[in-house]
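Q: After the structure tokens below, expect a handful of questions from me.
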Amino acid sequence: MNRIGVIGTGYVGLVSGTCFAEVGHKVVCCDIDESKITRLKQFNIPIFEPGLEELVKKNAAEGRLSFSSDIAGVIKDSAVIFIAVGTPMSASGEADLSYVKEAARMIGRNMNTHKIIVTKSTVPVGTGRLLESLIRDNLPDSSQTFDVVSNPEFLREGSAIHDCMNMERAVIGAGNAQAAEAIAELHAPFETTIFKTSLESAEMIKYAANTFLATKISFINAIANICGKVGADVTEVAAGMGLDSRIGNKFLQAGIGYGGSCFPKDTYALKHIAEEAGYSFKLLEAVIETNENQRLLIMDGLVQSLGSLRGKKIAVLGLSFKPNTDDVREAPSLSLIPRMLEMGADVCAYDPIAIREAGQYLPDEVDYAHELYECVTDCDACVILTEWSEIVNMDLERVHRLLRSPVMIDGRNCFELDVMRAHQFEYHSVGRQVIRTAVPAAVTV
Ligand code: UDX
């Protein structure tokens with residue numbers, strides 16, 4: 001049994017720590033936030049992630065997973081230390097490495113035996129080398145040896161446990177073959193493809209992978225915007241493109257753009273890395289710009305169908321940046337709802353899970369409904385920002401009846417056009433024909 005210490009109990013640290021415990025390692029997760037550790041010890045999981053609570057409880061009960069706020073003690077007791085602290089975006093767009101650097105200094109100060117330090121956080125190329133020197137500068141005994149390895153995480157929120165337990169590859173970047181092999185062995189129970197590289201390449205793989213996926217999304221969104229103008233349907237176009245195995249059918253779902261804690265941050269960070277390296281990454285700049293403009297399609301649809309928004313009541317369905325998470329970081333809801341309010345609309349919002357999270361960032365004027373049908377009642381339009389299954393499977397007939405006018409602006413292409421036509425909605429979606437209905441608005445019941 002290997003002893004793994006994980007510093008940082010955010011998404012990456014908590015999920016990967018729990019999964020490493022699940023495959024048989026002994027894992028201690030630690031954090032400087034003592035209240036978070038206290039809650040974790042009571043199995044009060046700070047994030048909504050399907051399956052995580054059960055897995056944490058199971059592994060804690062079986063003695064493989066524990067939590068501690070004694071970071072120094074965890075460092076001393078662990079042979080392998082994962083750094084999984086946050087790397088938020090700083091004002092200039094580059095990744096803020098202050099938490100990573102502080103973790104490295106602490107590791108240096110508490111180095112008592114040979115250890116392997118593994119960066120899981122997404123960090124700019126060169127950070128592994130920087131950590132090596134920070135650790136070395138803080139060693140109590142300068143003859144103490146250690147290795148730094150980059151092992152980026154590729155899990156998605158909402159399916160994080162599945163993604164981690166069924167990882168498609170483990171990228172292991174190291175300057176020392178023995179250290180790389182030790183981390184490869186830790187991954188043996190996952191029966192995954194091991195891909196060993198240099199430290200720098202592993203760091204770059206993470207950025208290249210995330211920004212490539214963001215590029216796919218902005219590309220299909222740009223195609224959608226043309227489809228809308230020339231009478232093509234982007235869902236058909238994406239399906240037809242995806243049949244070519246060189247392209248693949250994933251990440252070709254057009255909509256109001258990507259959000260979340262990774263793609264927006266990582267695209268800006270890579271743009272910054274490129275600038276620092278003397279390369280002007282025009283393609284990536286266009287990806288970012290396309291994504292920022294894409295959200296505004298919702299406002300276009302609203303203005304097209306309602307004219308002025310002053311005094312209009314709008315139901316917003318979906319506040320999280322994607323389904324199955326309560327994460328609202330860079331969620332379209334946080335920029336679009338204030339815009340609707342500024343334009344004079346009243347907003348009633350609903351989300352199956354993320355109301356509490358979103359409420360911390362949205363203006364006080366927003367009303368929240370605790371049920372989807374309550375949210376749409378008496379509204380002049382219904383706007384879909386997140387494709388939660390509850391929203392995709394809503395009773396359209398009932399929604400039509402409850403809305404003051406049957407207008408739906410769908411930022412996620414949740415419904416077939418024929419279905420919306422049959423239900424007599426005015427339906428605006430992304431990269432598809434607008435369905436207009438001559439039928440007068442239903443009387444509200
Ligand atoms: C992403 C990466 O997928 C993951 O590998 C990395 O470790 C972290 O960043 P995540 O942000 O959790 O994961 O969500 P993901 O499912 O990738 O979706 C990101 C955003 O893209 C969401 O806003 C989603 O709505 C949007 N998206 C995704 C699309 O608009 N269209 C698509 O086809 C796919």
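The values are calculated or read from the model by the stated rules, or taken from the named source; none is laboratory data. Owing to the predicted nature of the structure, the values given are computational and were not obtained by experimental measurement. Note: ideal-geometry Cβ built from the backbone for every residue, glycine included; neighbour counts use all protein chains shown.
Q: All but one of (1) exposed (fewer than 13 other Cβ atoms within 10 Å of the Cβ); (2) at pLDDT below 95; (3) of a type in the set (S, T, N, Q) hold for THR437; state the number of the condition that does not hold.
A: (1)
Q: If you don't mind, another one. Can you run down the residue pairs with Cβ atoms below 9 Å, 6 or more apart or on separate chains, where the first is in the stretch 20-45 and in contact (Cβ under 8 Å) with a residue 60 or more places away in the chain and the partner is among the polar types (S, T, N, Q)?
A: PHE20/ASN2; GLU22/ASN59; GLY24/ASN2; HIS25/ASN2
Q: Let me ask something else about it. Go over the candidates LYS101, LYS58, LYS120, LYS41 one by one and state the one that is crowded, with 19+ Cβ neighbours inside 10 Å, charged (D, E, K, R) and not assigned by TED's automatic domain parsing to the domain that holds ILE288.
A: Selected residue: LYS120, the only one of LYS101, LYS58, LYS120, LYS41 that is crowded, with 19+ Cβ neighbours inside 10 Å, charged (D, E, K, R) and not assigned by TED's automatic domain parsing to the domain that holds ILE288.
Q: So, one more: When you scan the stretch 188-231, how many residues do you find that are more than 13 Å from the ligand (Cβ to nearest atom), surrounded by fewer than 16 Cβ atoms within 10 Å (Cβ to Cβ) and on the phi < 0 side of the Ramachandran plot?
A: Number of matching residues: 10.
Q: Taking the stated definitions as given, is ILE183 more than 16 Å from the ligand (Cβ to nearest atom) and surrounded by 18 or more Cβ atoms within 10 Å (Cβ to Cβ)?
A: On the way: more than 16 Å from the ligand (Cβ to nearest atom): yes; surrounded by 18 or more Cβ atoms within 10 Å (Cβ to Cβ): yes.
The answer is yes for ILE183.
Q: Further question on the same structure: If I go through the stretch 152-166 residue by residue, how many of them are assigned to a loop (DSSP other than H, G, I, E, B), within 10 Å of the ligand (Cβ to nearest atom) and of a type outside the set (A, V, I, L, M)? First the steps, then the outcome.
A: Residues of the stretch 152-166 that are assigned to a loop (DSSP other than H, G, I, E, B), as a first pass: 152-159, 166.
So of that shortlist, the ones also within 10 Å of the ligand (Cβ to nearest atom) come out as 152-159.
Narrowing the set further to residues that are of a type outside the set (A, V, I, L, M) leaves 152-154, 156-159.
Here the count works out to 7.
Q: Same structure, new question: Collect the residues in the stretch 374-395 that are under 19 Å from TYR258 (Cβ atoms) and assigned to a loop (DSSP other than H, G, I, E, B), keeping them in residue-number order.
A: LEU385, THR386, GLU387, TRP388
Q: Okay, next question. Looking at the stretch 256-285 only, could you name the residues that are within 16 Å of the ligand (Cβ to nearest atom), closer than 15 Å to THR215 by Cβ and assigned to a loop (DSSP other than H, G, I, E, B)?
A: Those that are within 16 Å of the ligand (Cβ to nearest atom), closer than 15 Å to THR215 by Cβ and assigned to a loop (DSSP other than H, G, I, E, B): GLY257, TYR258, CYS262.
Q: Okay, moving on. Inside the stretch 10-110, counting only strands (runs of 3 or more DSSP E) that do not spill past its ends, which hold 1 or more residues that are under 20 Å from the mean Cα position of the chain (by Cα)?
A: Passing ranges, in order: 80-83.
Q: Which numbered condition trips up MET241, out of (1) assigned to a helix (DSSP H, G or I); (2) within 13 Å of the ligand (Cβ to nearest atom); (3) within 27 Å of VAL328 (Cβ to Cβ)?
A: Just one mismatch for MET241, condition (3).
Q: List pairs: first in the stretch 321-348 and not assigned by TED's automatic domain parsing to the domain that holds ILE47 and among the polar types (S, T, N, Q), second surrounded by 22 or more Cβ atoms within 10 Å (Cβ to Cβ) and assigned to a helix (DSSP H, G or I), Cβ under 8 Å, 6+ apart or cross-chain?
A: The qualifying pairs are SER333/ALA358.
Q: Another question, if that's okay. List the residue pairs whose Cβ atoms are under 8 Å apart, where the first residue sits in the stretch 397-415 and is assigned by TED's automatic domain parsing to the domain that holds PRO332 and at positive phi, the second is crowded, with 23+ Cβ neighbours inside 10 Å and among the aliphatic types (A, V, I, L, M), and the two are 6 or more positions apart or on different chains.
A: Final answer for the pair search is ASN413/VAL234; ASN413/ALA254; ASN413/VAL430.
Q: Among the residues in the stretch 400-413, are any of a type in the set (A, V, I, L, M), over 26 Å from the mean Cα position of the chain (by Cα) and either in a loop (DSSP other than H, G, I, E, B) or farther than 30 Å from ASP327 by Cα (or both)?
A: yes
Q: Quick check: anything in the stretch 317-336 out of contact with any His (no Cβ under 8 Å at 6 or more places or on another chain), in a strand (DSSP E or B) and surrounded by 23 or more Cβ atoms within 10 Å (Cβ to Cβ)? Break it down into steps so the answer makes sense when it comes.
A: Restricting attention to the stretch 317-336, the residues satisfying the condition of being out of contact with any His (no Cβ under 8 Å at 6 or more places or on another chain) are 317-336.
Now restrict to residues that are in a strand (DSSP E or B): 317.
Now narrow it down to the ones that are surrounded by 23 or more Cβ atoms within 10 Å (Cβ to Cβ): 317.
Yes, some residue in the stretch 317-336 is out of contact with any His (no Cβ under 8 Å at 6 or more places or on another chain), in a strand (DSSP E or B) and surrounded by 23 or more Cβ atoms within 10 Å (Cβ to Cβ).
Q: Determine which member of the set ARG169, ARG136 is charged (D, E, K, R) and within 16 Å of the ligand (Cβ to nearest atom).
A: On inspection, the qualifying residue turns out to be ARG169.
Q: List the residue pairs whose Cβ atoms are under 8 Å apart, where the first residue sits in the stretch 152-167 and is on the phi > 0 side of the Ramachandran plot, the second is of a type outside the set (A, V, I, L, M, F, W, C) and within 6 Å of the ligand (Cβ to nearest atom), and the two are 6 or more positions apart or on different chains.
A: GLY158/LYS322
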